[in-house]
Structure formats: C-alpha cells, structure tokens
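K.L.:
Structure incoming, see below.
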Amino acid sequence: MKIAPVAEIKAHLSAYLKDSEKGPIIITRNGKPVAVLLGITDQDEIERLALAYSPKFQSLLTRGRRQIQETGGISHEDFWKDVQS
C-alpha cells in the first residue's frame, strides 16, 4: 500500500491512477490520512462500494439484522417460496 501527499497526487494523477490498480493509495494532507484512492475493476465493485458507504442502506441492513434476531427470521423454504412467487 502506497502513501502519498495530496500535492504529489495532484502533480502525478495519471501515474497514481495506474498504481491504484495494484492496491489502495492513502492520500495525506499535512502528514495525516484524508482519503484513499482505489482502483475499480468492474461495475459490481462500484455498486459494493456505494452500498458500503450508504447510510440509508446500512440503516436498512441494521434494521433487518435486528428484526431477524428478534423474530428468528423466516425459514429457508419460505424464503425461496417468496423469491419464486
């Protein structure tokens, strides 16, 4: 994993974009991490990242997990019956 200051990233963005294909690059400002530059390989990865950082989606997952803990959820068979209908 590389670490680079924002000024260096700005000066050589194309090179850092290429390097991000090999792994994340931590971007720093005044020596402190402020961002991560990630290479994206496919559309699914973009969607996973967007959902991972979506407060609305994370809230929905939390509510769903809580409901499953409280009620035990639904059976495997009932799940697939609902999906197929």
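K.L.:
Counting residues that are surrounded by fewer than 11 Cβ atoms within 10 Å (Cβ to Cβ), without any contact (Cβ under 8 Å) to a residue 12 or more places away in the chain and in contact with a strand residue (DSSP E or B) (Cβ under 6 Å, 6 or more places away or on another chain), which helices (runs of 4 or more DSSP H) fully inside the chain reach at least 3? Break it down stepwise before answering.
P.N.:
On the way: elements: 6-11, 13-19, 43-52, 55-71, 76-84.
Ranges flagged: none.
K.L.:
Also: Considering only residues that are over 12 Å from the mean Cα position of the chain (by Cα) and of a type in the set (A, V, I, L, M), look in segment 17-36 and name the one that is farthest from Ile3 (Cα to Cα). Don't jump to the end; show me each part of the working.
P.N.:
Step one: of segment 17-36, the residues over 12 Å from the mean Cα position of the chain (by Cα) are 17-35.
The next check asks that each one be of a type in the set (A, V, I, L, M); those that pass are 17, 25-27, 34-35.
Values: Leu17: 13, Ile25: 6, Ile26: 5, Ile27: 6, Val34: 11, Ala35: 10 Å.
Per the criteria, the residue is Leu17.
Readers should treat all values here as calculations from the given coordinates under stated rules, not as data from a laboratory. Quick caveat, the model's predicted, so the values are computed rather than measured. Cβ sites come from the backbone with ideal geometry, for glycine too, and all protein chains shown count toward neighbours.
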